[in-house]
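Below is one structure, written out as structure tokens; comments come after it.
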Amino acid sequence: MAEERARVVRQPGPRGGHGPHGPREKVKNPGQIFSRLMKFVMKNYTPHMILVLVCIVASVLANVQGTMFTRTLIDDYITPLQKAAEAGRTVDYSPLLGAMARVAIFYGIGIVAQLAQAVTMTFVTQGCMKRMRDELFEHMEKLPIKYFDTHAHGDIMSIYTNDIDTLRQMISQSIPQLVNSIITVVSIFVMMIVLSIPLTLLSCGMVIVMILCSTLATRISGKNFVEQQKDLGELNGFIEETMTGEKVVKVFNHEEESVKQFDERNEKLFVASYKANAYSNIVGPINAQLGNVSYVLCAIVGGLIAVNPAAGFTVGSLASFLTFNKNFSMPINQVSMQMNAIIMALAGANRIFMLLDEKPEVDNGYVGLVSVTDAKGTAAVDAGAEAGDEAENADRLSGKIVSGLVETDRNTGRWAWKHYHKATDTTTYVPLEGDVVFENVNFGYTDEKMVLHDISLHALPGQKIALVGSTGAGKTTITNLINRFYDIQEGKIRYDNINIQKIKKQDLRRSLGIVLQETNLFTGTVADNIRYGKLDATMDEVVAAAKLANADGFIRRLPNGYDTELTGSGASLSQGQRQLLSIARAAIADPPVLILDEATSSIDTRTEKIVQAGMDKLMAGRTTFVIAHRLSTIRNADRIIVLEQGRIVESGSHDELLALKGRYYQLYTGKKPELAS
């Protein structure tokens, strides 16, 4: 991005490295975040979650039934059999075997239920993560450029990886474990009351102690888990920036400083992670030991009660109760362990929902772009129309309106603006000529600081307009306003006498071809990268665009020609070759208006001539805005706009501006205006 925008919007957020919407130190409204997350899960997987609930209930009841059978086993089978054997009577083991078979069936049901639960939750978890990533990416593509200018890219990537991964454990383990624990605790509590109320009260007292200890440790570890997620996002952002600028790091011998900065961020992550996991990991041992204390106390008290026949508390009841006591404290311990994972997941979910809650790019435009397809002016088709709409469009465009559209000899004659008038229920078409007007435009990336002041300019159809000025003068900002990456605060921008705010953003940008200084190529073949400007382009169109951009020659010398695979933004190609592909990509889109943002500033003079020749072919017959690093490349511009501190200070042709011996003269010759004579 150009320096004037970077200067304004690349300011660090209040927590260092994050924009105004970056992560916070603590999760606010965790209940709302959890509720929203569960609504997302239930919206897509309600039947599956019902099945999981049924499986959990079946599993818990099977285990409770098995534990209760311990009392029956001792009191009704083992003790009578022992007495019968002592009395010398015949011992019949068939009732015992039948009872054990029934219990085996219960445990078998529990095993099947647990297996079904695990398989179902795996499907639900992976499905939720996939859907979440889909929604995130779809929403991200709708966000305005401002969002990406104010948020570290590595931090955004961390949302897709680390934050979503925290949901995996929460959905697959923590939530089922919570439900399981609640059902288990309730079921066991009822059975414990049935067996012995005094021992139940003793067990509950120990559970309260466990909960207090777990709550304290969880609160401390939870804060550090949130900090851990924030620090992890910062670390990923730093790694992404370093990898992108590795050449710069090595050129300036910045390796040691980069390592130092990485160590500082990594140490910060280590400290937060250590504290989080240290407090998290002590919860289990503490609760386990408290559970053992509870077990011992219940064994002592229960033994004293059991030896008193009048109490009605048998040895079998004591055995069952002690098992329940262990199982009663175990869910509490498990919940305590899972709470840390839940808090960390809620921190990740908070960042996910913050991205999803970012307001998408607003588009209130209603003027569309139409491609006139018949040279005789008998048909035209909406750029995004359904196939069945062609006949309707052909009827509406018949007559003098279409004739007026195709009379011009410029490329723009094949395009028109479709304007639907709701009041009269009629549609009119305005020829796309490429006439761009700025009227008293004031703009700032923030309302507190204006970048452009009272900008007025007029680009006639087919003209080449050059924007020059010192760093931060506002050159790139002007081009960003034409394609509505940002909206202006004051003034008007008209495109063929239509306020651009009335034009649909997709159609507005479809009419603009942009070649940037920073060339972005994508993983795929050379042909795929050229076809990026027109996804349905044929191979003949791809080749024609490459020839127009003077790229066909070097492409055919590649190992597989147009089918050569590119990776790493075309790292195997030279800067000039990448730029030629960028021009070819703009050429295949066949845009009526071009924006060239310092497209030749980072290539050598010889390559510049090749690239410039390709751009000259592309600019023929099109309205073109050129931001030039080398002023020699814009000498033939129809008009040169000189900017300083967001204001137009000079305007005219190359010769006219040199004759003025003002700011342009100084930029072109390097001489101070007062020494011009």
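General observations
- Summed side-chain charge close to Val430 - residues other than Val430 whose Cβ falls under 13 Å, Lys, Arg +1, Asp, Glu -1: -1
- Over 21 Å (Cα to Cα) - which of Lys83/Lys326; Lys418/Lys502; Lys146/Lys475; Lys39/Lys142; Lys130/Lys230; Lys464/Lys609 fall in this group: Lys83/Lys326; Lys39/Lys142; Lys130/Lys230
- Between Asp134 and Phe148, the modelled labels are 2.3 nm apart [label points 7 Å from Cα along Cα→Cβ].
- Cα-projected label distance for Gln289 with Glu358, points at 7 Å along beta-carbon direction, nm: 4.8
- Phi to ³J(HN,Hα) by Karplus 6.51 cos²θ - 1.76 cosθ + 1.60 over segment 181-193, Hz, x for Gly, Pro: 5, 4, 5, 5, 4, 5, 5, 5, 4, 5, 5, 5, 4
- Relative to the current alpha-carbon distance between Arg89 and Leu660, full extension at 0.36 nm per residue lengthens the span by 192.8 nm.
- Separation in nanometres of the label points that stand 7 Å from Cα toward Cβ, at Ala620 and Ile105: 8.9
Every number here is computed from the coordinates shown, using simple stated rules; none is lab data. Since we're looking at a predicted model, the values are computed, not measured. We place every Cβ from the backbone using ideal geometry, glycine too, and count neighbours over all the protein chains shown.
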